[in-house]
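The structure under discussion appears below in the form of structure tokens.
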Amino acid sequence: MEDRAVRSQGTRRAPRSAEQTTEQSTESGAPAAYRIEEAAYRIEDLAQLSGATVRTIRAYQDRGLLPRPERRGRANVYGDAHLVRLHQIAELLDRGYTLASIKELLEAWDTGRGLGGVLGLAAEVDGPWTDERAARMSRAELAERFGGGPDETAVAEAVELGVLERVPGEEDVFLVPSPQELAVAAELHAAGVPLSAISGHLRELRGEIEHIASRFLEFTTEHVFARYLGEHTPSEADTSEAATLVRRLRPLAQQTVDAELARAMRLFATRHLRRGLGAEGVRREAEQTCSVELPAETIGAVERLVGGERVAAFVAAAAEREVQARALDQFAANHANGRIVREQP
């Protein structure tokens, strides 16, 4: 973008960061706004360089987010510090901060606490939670992957679910945020699963996964991050430490879900296989049901964990696992007792 700033000596240079401006102003003993090499922007120039509108800049001044300009004669003059501040505000807004929160953070910056730790923590949280990289795919490639002509209804549903993202200006090209997820859908479709059923299953699965993610965040917030949260803005050291913890804990949720999913799939896949192969004993046992009274608190805890529609299945699986564990313990105990008897003279 063309730099239209008015300068005292006609020189041009890139805007400096707030740290550089503060440091050089301190060394010279004079405010940066009065130094000869300091940039001087009209409000229109500042708006063009920052991407904010003139109206927005004035609103930030009214809210105390942006310092007032220097008055030179009849003109209001802005400097590099104003430009840096506008970029900081834009970055924090993109990260989801409110203007009130941004004002508090910027006041912390002005008092010497800095934004580096806060932005580092935000970068850890906002960064990718997977090593998978997005890919581009044409409409023709998509149709070939799913073995047929384009299904506009399925494409629209995939876009709604975020499995596909439209690329502005390219009608026949899509961005695939998770190629692995799309590959799973293609394999299921090739195995005979209708696209509508795949979409419905993904919606259901996503709701359950979001519940798991929410619980994990509540758990780690309560036991790990609570000490960093409070009424006051955390210090630079606190936010840096919290960012390090996020980096360390980030893969734990995925690892836990992978391990538990593998365990559950092994348990239920074996059961379904036996039923499918005609294991009559298993089938008859499954068909026989009885009512068992459980405490309301237990039922409520299970509902919060797996949802109301899966309470019975969860209780049955937990009971079955307990029975199997006790049977294994009994086998081990019998073997140990038999060995003791044989070793006696």
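What pairs come up if the first residue lies in segment 301-313 and is without any contact (Cβ under 8 Å) to a residue 24 or more places away in the chain and surrounded by 12 or more Cβ atoms within 10 Å (Cβ to Cβ), the second is in a helix (DSSP H, G or I) and among the acidic types (Asp, Glu), and their beta carbons are under 7 Å apart, counting only those six or more places apart or on different chains?
Val311/Glu303
Report, by residue number, each residue of segment 283-316 that is assigned to a helix (DSSP H, G or I), modelled with pLDDT under 80, farther than 26 Å from Glu218 by Cα and not acidic (Asp, Glu).
Scanning segment 283-316 gives Arg283, Arg284, Ala286.
I'd like the full set of residues that are of a type in the set (Val, Ile, Thr) and open to solvent by 70 Å² or more (accessible area, probe 1.4 Å), limited to segment 140-167.
The one that is of a type in the set (Val, Ile, Thr) and open to solvent by 70 Å² or more (accessible area, probe 1.4 Å): Thr153.
Every residue in segment 198-212 that is hydrophobic (A, V, I, L, M, F, W, C) and open to solvent by 50 Å² or more (accessible area, probe 1.4 Å), please.
Leu205, Ile209, Ile212
What are the residues in segment 59-72 that are farther than 13 Å from Ile102 by Cβ and either in contact (Cβ under 8 Å) with a residue 12 or more places away in the chain or of a type in the set (Asp, Glu) (or both), if any?
Within segment 59-72, Asp62, Pro67, Pro69, Glu70, Arg72 meet the criteria.
Among the residues of segment 59-94, how many are of a type outside the set (A, V, I, L, M), part of a helix (DSSP H, G or I) and in contact with a Leu (Cβ under 9 Å, 6 or more places away or on another chain)?
Qualifying residue count for the region: 6.
Of the residues in segment 168-178, how many are exposed (fewer than 13 other Cβ atoms within 10 Å of the Cβ) and not acidic (Asp, Glu)?
Number of matching residues: 2.
The values are calculated or read from the model by the stated rules, or taken from the named source; none is laboratory data. Bear in mind the structure is a predicted one, so any value in this text is a computation, not a measurement. Positions of Cβ are backbone-derived with ideal geometry, glycine not excepted, and every protein chain shown enters the neighbour counts. The protein model used for the area step is the full one, side chains on, heavy atoms only, and it has no ligands, DNA or RNA in it. Shrake-Rupley method; radii C 1.70, N 1.55, O 1.52, S 1.80 Å.
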